[in-house]
Structures are given as structure tokens and as C-alpha cells.
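What follows is a short report on a single structure.
The values are calculated or read from the model by the stated rules, or taken from the named source; none is laboratory data. A quick note: this is a predicted structure, and the numbers were derived from the prediction, not measured. Ideal geometry is used to build each Cβ from the backbone, glycine not excepted, and the neighbour counts take in all protein chains shown. Side chains are part of the model used for accessible areas, which takes the heavy atoms of the whole protein and leaves out ligands, DNA and RNA. Shrake-Rupley method; radii C 1.70, N 1.55, O 1.52, S 1.80 Å.
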Amino acid sequence: MADEMKAVHTEVVSVDPQQPAADVIERAAALLRAGELVVFPTETVYGLGGNALQEEAARRIFTAKGRPFTDPLIVHIAQKEELEQVAAAVPERAWRLAEAFWPGPLTLILPRGERVPRLVTAGLETVAVRLPSHPVAQALIRAAGRPIAAPSANRFKHVSPTTAQHALADLNGRVPLILDGGPTPVGVESTVVDLCAPVPRILRPGGTSLEALRQVLPEIEPPSPPRIGAGDEPGGQEGQAQRSPGQLLIHYSPTVPLLLFDGEDAAQRAALKAEALKRLEEGKRVGILAASEDLEVLRPCQERGALVRAPASLEEPARVAAALFATLRALEEAGVDVILCRSFKPVGLGLAVQDRLRRAAGGRVILAEAESGESASIDAP
Ligand code: TXA
Ligand code: MG
């Protein structure tokens with residue numbers, strides 16, 4: 001992992017998320033053309049962009065993020081036709097998905113085109129491609145005149161940024177320019193679909209739901225649950241890029257421990273409350289990520305000083321997704337010692353929410369048993 005770099009001054013420039021000013025976009029595009037990095041909003045999370053066709057720019061991305069060279073980058077394009085510039089072959093299934101979901105939060109894994117440096121794909125013969133729908137991202141890629149490689153604009157292992165302030169907190173002094181287009185609407189990263197496998201498979205659930213993908217590709221395989229230990233050593237046992245490198249369990253970690261509860265709703269609530277009260281009793285600062293349905297039961301925790309955040313109802317997974325990373329960061333910044341979190345049903349964007357929470361919890365889930373907040377057992381997938 002490359003971590004050494006000279007500090008640069010980081011400028012944050014506001015940009016209208018719907019109609020970005022041409023001069024601001026041109027300034028950012030000029031930096032990209034010169035091989036520099038620019039942080040920009042997409043509809044999912046903020047990206048740390050660099051010229052996808054230039055090895056040196058890609059190297060800068062890894063260095064700024066502190067990301068190991070074994071974890072490949074997503075190449076962003078501004079028009080579907082550009083797929084053929086970065087992929088060696090575009091199967092009919094890819095065009096069908098692109099037609100249905102682009103621009104939008106979907107990334108396709110295809111055979112790598114020759115022009116994409118191997119550094120971008122971490123040595124893989126496949127490339128990840130996505131066409132974002134955010135007007136700022138589109139305008140920037142178009143103005144830069146080349147595909148833009150962009151991972152999420154966080155330091156390696158940290159929660160992805162959904163605001164320019166999150167990106168600044170992680171990358172201040174490491175990039176010259178951050179375009180601030182306000183909070184990103186989707187809030188979780190794109191869904192990554194492997195079209196190089198014999199049967200198309202979701203490698204990372206994200207902003208495009210499994211249900212929606214199935215309407216277009218009924219044979220698509222759902223993601224396998226994150227495995228404990230896999231990816232703790234980036235690159236895996238073979239010492240080369242993993243097949244689904246984003247499946248690092250440690251990938252989405254808040255800097256404070258997160259305990260994830262699961263089980264029947266009432267049992268989860270009771271377990272959250274019991275655990276919170278126990279820790280408050282011990283003098284710990286407790287953060288709770290819950291749903292609005294939990295608030296009444298959790299009120300005694302709040303009264304004793306717990307920070308209770310309920311971004312939405314259990315029935316609104318897209319709203320939970322939109323607020324998820326910002327809520328985790330806010331609890332972190334408030335200085336809590338532990339985050340206690342409920343589970344969300346893996347329906348719609350709830351699948352991505354639950355995936356990120358499992359990773360943040362290191363793959364461990366505490367199964368709350370009915371009627372008791374205390375007898376909880378740990379379930380490792
Ligand atoms: O929504 C998003 O996808 C955001 C925005 C900025 O576009 N980007 C993002 O990038 O989340 P990143 O680098 O944080 O995550 C990219 C994921 C990683 O899990 C990576 O391992 C996987 O895509 N990936 C990239 N290239 C791959 C490849 N050739 N084969 C398999 N997985 C790949
Ligand atoms: Mg990321």
C-alpha cells in the first residue's frame with residue numbers, strides 16, 4: 001500500500017448539483033487532464049477521480065486513499081457508447097443492463113480493454129465500468145474528455161463519504177480540489193455485477209436493487225454473504241487480486257466498534273435497549289442506529305444520554321440507505337464508545353444496507369431472542 005505523499009492544499013468549491021457552472025467544471029476537468037485528482041459527487045457517494053487511462057493518475061488515487069494496489073478501481077464514463085473504449089468485449093447482457101439502468105448506480109464487470117492500465121484493474125483482466133447519473137459527475141467526465149477512475153473518496157477502510165465534508169475529513173491535504181454538490185441522494189455505493197462469470201452475479205449489493213436487476217436478467221445470482229477473514233489480508237491467500245475484492249469484510253468500518261443485532265423486531269428492540277442501558281450504566285457513551293418504529297422503546301436510553309438516530313421507518317429502506325453513512329459518521333464524530341445497530345430487511349436497498357452494516361460489524365451478528373434483551377448469541381456467517 002502506498003501511503004507516502006507530499007501534502008497539498010485542498011480547496012472545496014461549491015457546485016450546483018443540478019446545473020453545475022461550466023467554469024467550475026472546466027477547472028476540475030483541467031486538473032483531471034493534467035493527471036491530478038478531483039473529488040466529485042455521484043448519485044451514490046463521493047468519488048476520488050483521476051484519468052482512468054493514465055497509470056500515474058491511478059497510482060495517485062491509490063496513494064491518496066491509502067488503498068492497496070490489489071483493490072481495483074471503477075472506471076466512470078459519460079455515455080454508453082464509451083463502454084467499447086474501456087471493455088474488450090460488450091456482451092448483449094451488458095447492453096441490456098446499460099439500457100435499463102444507466103445512467104445510474106450500477107457497475108458492470110467486463111473484459112478489460114487494452115487502453116485501461118493494469119494498475120486500474122489491480123492486475124485483473126476484467127474492468128469495472130459505470131455511467132453515473134449525477135449531473136456533476138456527468139459534466140465532469142464529459143469535460144475531462146476521458147474515462148475517470150474513481151473509488152469512493154474515503155481513506156481505505158473508512159465509511160464512504162456522502163458529503164463533501166466527509167471527503168474533506170478523510171482526504172484533506174491529499175487532493176487539490178473537492179467539488180461540493182451537497183449530500184449524495186442514493187447514499188450507498190453502486191451495485192457491482194460480474195458479467196464475466198458463467199452466470200451473472202452480484203459481487204456487491206448497492207444502489208440498484210436485486211429485484212430491479214432480476215426484471216432484466218432473471219438468472220442473476222444474489223451476492224454471497226461476506227465471509228469472516230476473507231480479505232483481512234487484501235489480495236487474499238493467493239497474493240493476487242481477489243475475484244470480488246470489494247468483499248473485504250473490513251471495508252466499511254466506522255472507527256468505533258459496531259454491534260449489529262438481528263432477530264424479530266420486538267426482540268431486537270428489547271436487546272438494543274438492554275445492551276444500551278448496560279453500557280450506559282458502565283459509564284460508556286452509546287450511539288444507537290435504529291428505525292423510527294424503535295424510538296418509543298428506546299426513549300429510556302435517550303433519557304440516560306444515549307445518542308439515538310432513526311433515519312427512517314423499517315418500511316423505507318431507500319431512506320435508510322440515503323442516511324446510513326452520514327449517520328455512522330455523525331455518531332463517530334460525537335465520540336461514542338460503541339454503536340448499537342438494528343438490522344434492516346434485505347428488501348430493495350435494504351440488501352445493501354444490511355451488507356454494509358455486517359461489514360461494519362466485522363461480520364458478526366447478535367441474534368436477539370424473543371422476550372429477552374439479555375440472552376443474545378453471536379452468529380458468525
Ligand atoms: O458507487 C460507486 O460505485 C462509487 C462511486 C464513486 O462511483 N465507487 C466505489 O468505488 O464504490 P470503490 O473503489 O470504493 O468500490 C469499487 C468496488 C470494489 O469493491 C472493487 O473491488 C470492485 O468494485 N471492483 C472494481 N473492479 C473490479 C473487477 N475488475 N472485478 C471485481 N470487482 C471489481
Ligand atoms: Mg469504497
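Quick one: accessible area per residue over the chain, 1.4 Å probe, rounded to a whole number of Å²? Could the numbers behind the result be given before it?
On the way: 15280 Å² over 381 residues.
Each residue of the chain exposes 40 Å² on average to a 1.4 Å probe.
Taking a point 7 angstrom from the Cα of residue 14 along the C-beta vector, which residues in the stretch 158-187 have backbone N less than 11 Å away? Only 180-182 fall inside the zone, counting backbone N under 11 Å.
A simple rule links phi to the HN-Hα coupling: the Karplus curve 6.51 cos²θ - 1.76 cosθ + 1.60 with θ = phi - 60°, which for the stretch 184-199 gives 7, x, 7, x, 10, 5, 5, 6, 9, 10, 8, 9, 9, 6, x, 10 Hz, with x for Gly and Pro. Carbon-plus-sulfur accessible fraction, the stretch 258-379 (probe radius 1.4 Å, protein heavy atoms only): 48%.
Given the rule -39500 (n - 2.57) for each run of at least 4 DSSP H residues, summed and divided by the residues of the chain, what is its mean residue ellipticity at 222 nm, to the nearest 500 deg cm²/dmol? Before the final figure, lay out the partial values.
Working: 11 runs with 116 residues, N = 381.
Result for the chain, helices only: -9000 deg cm²/dmol.
Over all directions, the projected convex hull of the C-alpha atoms in the stretch 11-231 averages 11.0 nm² in area. Each Lys or Arg adds one and each Asp or Glu subtracts one; over the other residues with Cβ under 11 Å from the Cβ of residue 143, this totals +2.
When you count the other C-beta atoms within 10 angstrom of each residue and take the mean per peptide, 85-94, 8-17, 99-108 line up highest first as 99-108, 85-94, 8-17.
Do you know the Lys pair count in the chain for C-alpha distances under 23 Å, with sequence separation 8 or more or different chains? Don't skip to the answer; put the middle values down first.
Numbers: 6/65; 6/157; 65/157; 273/284; 273/345.
Within the chain, the lysine pair count is 5.
Remind me, relative contact order of the stretch 258-379 in percent, using alpha carbon pairs under 8 angstrom and six or more residues apart? Numbers along the way, then the final one.
Numbers: 231 pairs, mean separation 48.1, N = 122.
Averaging sequence separation for qualifying contacts and normalising by length gives 39 percent for the stretch 258-379.
Stretched out straight at 0.36 nm per residue, the stretch from residue 281 to residue 255 would grow longer than its current Cα-Cα span by 7.1 nm.
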